[in-house]
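Structure, as structure tokens:
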Amino acid sequence: MLDGERRMELVNKAIDDFGRLLCDYRKEHFLTLQDMSLLVGCSPSYIHRIENKKRNPDMDFRIRILSAGMNWSAEDIYAYMEAFISKESKERGNELE
């Protein structure tokens, strides 16, 4: 589990640029595309496309990446989901105005 300030920093980064967060994590931990793909159960090319904003994974797959690939705790993932939903709700509210 991360401390509160670090958690929110990573949560915001995950919301703003999930692919960059994934790429940064992978490189900081010396993981190849193949390594990450084996951890989360997909192809290396799919990881590459996420990192390069060519694919936007659904929430289930994001959670798999955060938990199995990046070792986020359940509490950290919950904070991410809560912030993600809040942001989506605000954006949809602005669309209705």
Can you tell which of ILE63, ILE77 is without any contact (Cβ under 8 Å) to a residue 60 or more places away in the chain and in contact with a Ser or Thr (Cβ under 7 Å, 6 or more places away or on another chain)? ILE77
Members of region 13-39 that are over 12 Å from the mean Cα position of the chain (by Cα) and either outside any helix (DSSP H, G or I) or of a type in the set (A, V, I, L, M, F, W, C) (or both): HIS29, PHE30, LEU31, THR32, LEU33, MET36, LEU38, LEU39
For PHE30, state whether it is out of contact with any Cys (no Cβ under 8 Å at 6 or more places or on another chain) and surrounded by 14 or more Cβ atoms within 10 Å (Cβ to Cβ). no
Only one residue in LEU38, LEU33 is touching a Pro at 6+ places or on another chain (Cβ under 6 Å), without any contact (Cβ under 8 Å) to a residue 60 or more places away in the chain and farther than 23 Å from MET81 by Cα. Which one? LEU33
Among the residues in region 59-66, are any within 17 Å of PHE84 (Cβ to Cβ), in a loop (DSSP other than H, G, I, E, B) and charged (D, E, K, R)? no
Count, please, the residues in region 67-77 that happen to be farther than 13 Å from MET8 by Cβ, over 11 Å from the mean Cα position of the chain (by Cα) and in a helix (DSSP H, G or I). 2
Test: GLU51 is touching a residue at least 24 places away in the same chain (Cβ under 8 Å), of a type in the set (Asp, Glu) and surrounded by 13 or more Cβ atoms within 10 Å (Cβ to Cβ): yes
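None of the figures in this text is laboratory data; all of them are computed from the coordinates on show. Remember, predicted model here, so these are calculated numbers, not experimental data. When we count neighbours, we look across all protein chains shown, and the Cβ atoms used for this are built from the backbone with ideal geometry, even at glycine.
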